[in-house]
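Report on one structure; see the data block that follows.
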Amino acid sequence: HSVLAGLSGILALGLGDSMASIVGKYLGRHRWPGTNKTVEGTTAYVASVLLGSVVIAWVATRVAGMKEVMGAGAWVRYAGAVGITG
């Protein structure tokens, strides 16, 4: 069980959606076809969730003493999932 799996809801809703809303509202210029969502907001969502995940992984390994949060392949799959949810 990954630390990030347990926190993914908080990362997605608390961090990702908040950043998407703020960036989309103030900096959004390009809309996805057929929606009110902006490309800039989606980019902010993906970037903030991935950055938040890296910070959590760093804290888990450096501060909490965990050996490894996820392997390289799991990071790639995680980034893909974040991109799709964006």
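Odds and ends about this structure:
- Only Cα pairs under 8 Å and 6+ residues apart enter the sum, and on that basis the relative contact order of the chain stands at 30 percent.
- Exposed trypsin sites (Lys or Arg not before Pro) absent - longest run of the chain, DSSP non-H/G/I/E/B, at most 13 other C-beta within 10 Å: 30-66
- Charge dipole of the stretch 2-85 about the Cα centre (unit charges at C-beta), most positive-ward option of Ala60, Tyr45, His30: His30
- Helical mean residue ellipticity (222 nm; -39500 (n - 2.57) per DSSP H run of 4+; nearest 500) of the chain: -21000 deg cm²/dmol
- Global geometry of the stretch 22-86, whether rounded, prolate or oblate, following the gyration tensor of its Cα atoms and the 1.5 cut on a/c: oblate
- Under the criterion of Cα pairs below 8 Å and six or more residues apart, the relative contact order for the stretch 24-63 equals 28 percent.
- When the chain is treated as a Gaussian network with alpha carbon springs shorter than 10 Å, the biggest mean-square fluctuation among Leu11, Leu27, Leu50 belongs to Leu27.
- Cβ charges +1 (Lys, Arg) and -1 (Asp, Glu), total dipole of the chain, debye: 120 debye
- Heavy-atom accessible area per residue - the stretch 30-86, 1.4 Å, Å²: 66 Å²
- Screening the chain for whole DSSP H helices of 24 Å or more along their axis (Cα) with average Kyte-Doolittle hydropathy at least -1.0 returns 39-62.
The values are calculated or read from the model by the stated rules, or taken from the named source; none is laboratory data. Quick caveat: nothing in here was measured; it's all calculated off a predicted structure. All Cβ positions, even for glycine, are placed from backbone atoms using ideal geometry, and neighbour counts span all protein chains on display. Only protein heavy atoms, including side chains, enter the accessible area calculation; ligands, DNA and RNA are left aside. Shrake-Rupley method; radii C 1.70, N 1.55, O 1.52, S 1.80 Å.
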